[in-house]
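Each remark here refers to the structure printed beneath this line.
Every number in this text was worked out from the coordinates using simple rules, so none of it is lab data. Small disclaimer: the values here were computed from a predicted structure and weren't measured.
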Amino acid sequence: MDNGFRGNLDTELALENPLLQEFVSYWRQKAGPEGLPARSDFDPVEMKRFLGSLFLVVPEPEIDDFRYTLIGTTIAGQVGIDNTGRTVGEVFGAPGLELYRKVRDERAPIRVHGTVEWRRKEFLAYESILLPLADNAENVDHFVGMMVFGPATC
């Protein structure tokens, strides 16, 4: 288990990275006035510039956890591991589970940022966004996220 996750949470979504800002705008456009967007609302062709930095997650209620079903190649390359198929609990432990439960229960996105210390890469900073999805516009049944990287500043 990696379990060293200590990200900084930001519900105000003070995104610094322009690509993250663009992706959140895209998510909001897909959401419309009805509520949360569904996974099927997203077109991979429209998302081409985001794909390497995206991750997809599904809830697994029978084990009270969440499973990574896709992790972009840029993320895997920067972090040094592809966690596709693993659960949030396996990768980040209780802090990660609390984060995903918060987004699910509040039906609201959250920004997470910090350094990649859970992989002993304190020199590498990240900024990410975790966005809820709902096939019925209400009950969260998927998550889409994006993560970007840069050098950590002192």
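Remark: the range 99-114, residue by residue, has Karplus-estimated 3J(HN,Hα) of 4, 5, 5, 4, 5, 4, 6, 8, 6, 9, x, 9, 9, 10, 8, x Hz, where x stands for each Gly or Pro and the curve is 6.51 cos²θ - 1.76 cosθ + 1.60 at θ = phi - 60°.
I'd like the distance between the alpha-carbon centres of the range 1-62 and the range 111-131, rounded to an integer number of Å. Using only Cα atoms to place each centre, the spacing works out to 15 Å.
For Lys102, the aspartates and glutamates whose Cα comes closer than 19 Å to its Cα, not counting residues fewer than 8 places off in the same chain, are Asp10, Glu12, Glu60, Glu62, Asp64, Asp65, Glu90, Glu127, Asp135, Glu138, Asp141.
For the options Val45, Val88, Val140, a Gaussian network treatment of the chain with springs between C-alpha atoms closer than 10 Å singles out Val45 as fluctuating the most.
Put simply, the amide H of His142, placed in the peptide plane, has neighbours under 5 Å in Leu133, leaving out anything fewer than 5 places away on its chain.
Set against the labelled values (i) 9.4; (ii) 11.0; (iii) 8.6, mean projected area of the Cα convex hull in nm² computed from this structure falls on (iii). For a test of the definition: using alpha carbon positions, the gyration tensor, and the 1.5 limit on a/c, classify the range 20-78 as rounded, prolate or oblate. Oblate is the answer for the range 20-78, as a/c is 1.5 or above yet b/c matches or exceeds a/b.
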